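Some notes on the structure that comes next.
The values are calculated or read from the model by the stated rules, or taken from the named source; none is laboratory data. Note that this is a predicted model, so its numbers are computed, not measured. Note: ideal-geometry Cβ built from the backbone for every residue, glycine included; neighbour counts use all protein chains shown.
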Amino acid sequence: MTRALASTPAADGFRMPGEFEPHAGCWMLWPERPDNWRAAARPAQLAFAQVARSIARFEPVTVGVSAVNFSSARALLAENVRLVALAHDDCWMRDVGPTCVVNDRGSVRGVDWHFNAWGGLDGGLYFPWDQDELVARKVLQIEGLAHYRAPIINEGGAIHVDGQGTALVTEECLLNPNRNPRLGRRAIERRLRDYLGVSQVIWLGKGVFNDETDGHIDNLACFVRPGVVCLTWCDQRRDPQYAISLDAWERLREARDARGRRLEVVRLPMPGPLRMRLREARGLAARAGAKVREAGERLAASYVNFYIANRGVLMPLLDPRTDSLAARRLKRLFPGRRVVGVPAREILLGGGNIHCITQQIPAPRAL
Ligand code: KQY
């Protein structure tokens, strides 16, 4: 492995670009573990393959797979999707992959966060996670990008940025004692400033109800472009999501971004509520050291968990009662991009969605 750079992205003039800025490509991992993916992960693999194929219409896609599953993954993935052997514990590339930063001179570098499977031995989702911990550095090495090792436990799904100095995060996740018990709010903000190149951090409260990541921002709200945020919304006052979304709405309406602008906040309807079905739970092979999933559990379903590709947006299809309304809103929000829906219940059953299983590599700015 190459040695991490000794400075920080901010000190070197780098910043994390918004997801809506141009990409060089997208990375994913292959779902394999039978304790998280029902029916030996086959239905999830079909869904991941469809996500990969759809993104590949807009930008190059690489998927990392365990050596033992290389041939079966190759058979399911489209030919224009690059497949590389890459050991991993589960397949959440957003969280275990690198967060890339760019400068104005056309360079791209990667940030490698410390990862503890969303909480380590205090509510984390599986043990061990040593292979996941190596994924970001391996991706950066394959891409030929230098890396920083950030002194903080963090996940890519726990941060969104506008590329102009503003980060969006939740207290539920970043202040959770199971991530960085020795770091308070200000110390965490300092790390985000240093490693994302931001100057303003907007804190929302809780993430989507029952989100096992401890409330990742990428399931609740994201930047559509600088100054515009979309937020998962629930109209049912008796639903636990109602108060969470209302609180986020109020904080966003009060906030100013790094350039002093007020934010426009657009609501995306919440699907469901959706729950795990008996036959879905029965298809899992429970194993010690991994989260047990049960029939009837509320799923943290959200249309905000979409991926912005070059000229495209990949949105999860989750509920026929709300899919078309969400798609119409996204089309209005992204006029220059094609909105493509992918059936995503099988991804949701594993605890995340399309944004969580993807990680963009930004395109270097033209010199
Ligand atoms: O929200 C994400 N970025 C990842 C979801 C991970 C769920 C683990 N089962």
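Identify, please: which residue in the stretch 99-126 is closer than 15 Å to residue 173 by Cα and touching a strand residue (DSSP E or B) at 6+ places or on another chain (Cβ under 6 Å) and is, among those, surrounded by the most Cβ atoms within 10 Å (Cβ to Cβ)? Break it down stepwise before answering.
To start, the set of residues in the stretch 99-126 that are closer than 15 Å to residue 173 by Cα comprises 113-120, 122-125.
From the residues that got through so far, the ones that are touching a strand residue (DSSP E or B) at 6+ places or on another chain (Cβ under 6 Å) too are 113-114, 116-117.
Working: 113: 25, 114: 14, 116: 21, 117: 27.
Looking at the filtered set, the residue picked out is 117.
List the residue pairs whose Cβ atoms are under 6 Å apart, where the first residue sits in the stretch 109-136 and is touching a residue at least 40 places away in the same chain (Cβ under 8 Å), the second is within 15 Å of the ligand (Cβ to nearest atom) and of a type in the set (Phe, Trp, Tyr), and the two are 6 or more positions apart or on different chains.
Sorted first by the residue in the stretch 109-136, then by its partner, the pairs are 124/118; 125/118; 132/115.
Could you check, for the stretch 131-140, whether at least one of its residues is under 23 Å from residue 220 (Cα atoms) and crowded, with 24+ Cβ neighbours inside 10 Å? I'd like the intermediate steps shown before the answer.
If we filter the stretch 131-140 for residues that are under 23 Å from residue 220 (Cα atoms), which is where we start, we get none.
Looking through the stretch 131-140, none of the residues is under 23 Å from residue 220 (Cα atoms) and crowded, with 24+ Cβ neighbours inside 10 Å.
How many residues does the stretch 7-55 hold that are of a type in the set (A, V, I, L, M) and within 18 Å of the chain's Cα centre (by Cα)? Quick ask: steps written out before the conclusion?
First, pick out the residues of the stretch 7-55 that are of a type in the set (A, V, I, L, M): 10-11, 16, 24, 28-29, 39-41, 44, 46-47, 49, 51-52, 55.
Among the residues that remain, those that are also within 18 Å of the chain's Cα centre (by Cα) are: 16, 24, 28-29, 44, 47, 49, 51-52, 55.
Total satisfying the criteria: 10.
List, please: which pairs have Cβ atoms under 9 Å, are six or more places apart or on different chains, and start with a residue in the stretch 207-234 that is within 16 Å of the ligand (Cβ to nearest atom) and end with one that is at pLDDT below 95?
Listed pairs, sorted by first residue: 212/123; 212/291; 214/123.
I'm trying to understand the selection: among the residues of the stretch 6-28, which are more than 23 Å from residue 62 (Cβ to Cβ) and surrounded by fewer than 16 Cβ atoms within 10 Å (Cβ to Cβ)?
Hits for the stretch 6-28 are 6, 7, 11, 12, 13.
Test of understanding: among 350, 341, which residue is touching a helix residue (DSSP H, G or I) at 6+ places or on another chain (Cβ under 7 Å), within 23 Å of residue 41 (Cβ to Cβ) and assigned to a loop (DSSP other than H, G, I, E, B)? Before the answer, list the steps.
Values: 341 fails: assigned to a loop (DSSP other than H, G, I, E, B).
Matching residue, one of 350, 341: 350.
With respect to residue 357, is the statement that it is within 22 Å of residue 145 (Cα to Cα), at pLDDT 95 or above and within 13 Å of the ligand (Cβ to nearest atom) true?
On the way: within 22 Å of residue 145 (Cα to Cα): yes; at pLDDT 95 or above: yes; within 13 Å of the ligand (Cβ to nearest atom): yes.
Criteria met by residue 357.
(1) away from the ligand (no atom under 16 Å from the Cβ); (2) closer than 15 Å to residue 348 by Cα: which one isn't true of residue 31, the others all being true?
That leaves (1) as the condition not met.
Out of curiosity, is residue 193 touching a Lys or Arg at 6+ places or on another chain (Cβ under 9 Å) and either within 20 Å of residue 103 (Cβ to Cβ) or outside any helix (DSSP H, G or I) (or both)? Walk me through it before giving the result.
Values: touching a Lys or Arg at 6+ places or on another chain (Cβ under 9 Å): no; either within 20 Å of residue 103 (Cβ to Cβ) or outside any helix (DSSP H, G or I) (or both): yes.
Taking the combined requirement at face value, the residue does not satisfy it.
If the Cβ limit is 9 Å and pairs must be 6+ apart or interchain, which residue in the stretch 241-265 that is free of Cβ contacts under 8 Å to residues at least 24 places away in the same chain and within 30 Å of residue 298 (Cβ to Cβ) pairs with which residue that is part of a helix (DSSP H, G or I) and of a type outside the set (Ser, Thr, Tyr)?
From the stretch 241-265, no pairs qualify.
Would you list the strands (runs of 3 or more DSSP E) that sit entirely within the stretch 61-149 and hold 3 or more residues that are in contact with a Pro (Cβ under 8 Å, 6 or more places away or on another chain) and either modelled with pLDDT of 95 or more or within 14 Å of the ligand (Cβ to nearest atom) (or both)? Talk me through it step by step, then tell me what you get.
Numbers: elements: 61-65, 81-85, 99-102, 108-114.
Those strands (runs of 3 or more DSSP E) span 99-102, 108-114.
For the stretch 305-354, give me each residue that is within 16 Å of the ligand (Cβ to nearest atom) and of a type in the set (A, V, I, L, M, F, W, C). Can you show your working first?
The first filter runs over the stretch 305-354 and keeps only residues within 16 Å of the ligand (Cβ to nearest atom), leaving 305-308, 314-316, 318, 344-354.
Result: 306, 308, 314, 315, 318, 344, 347, 348, 349, 354.
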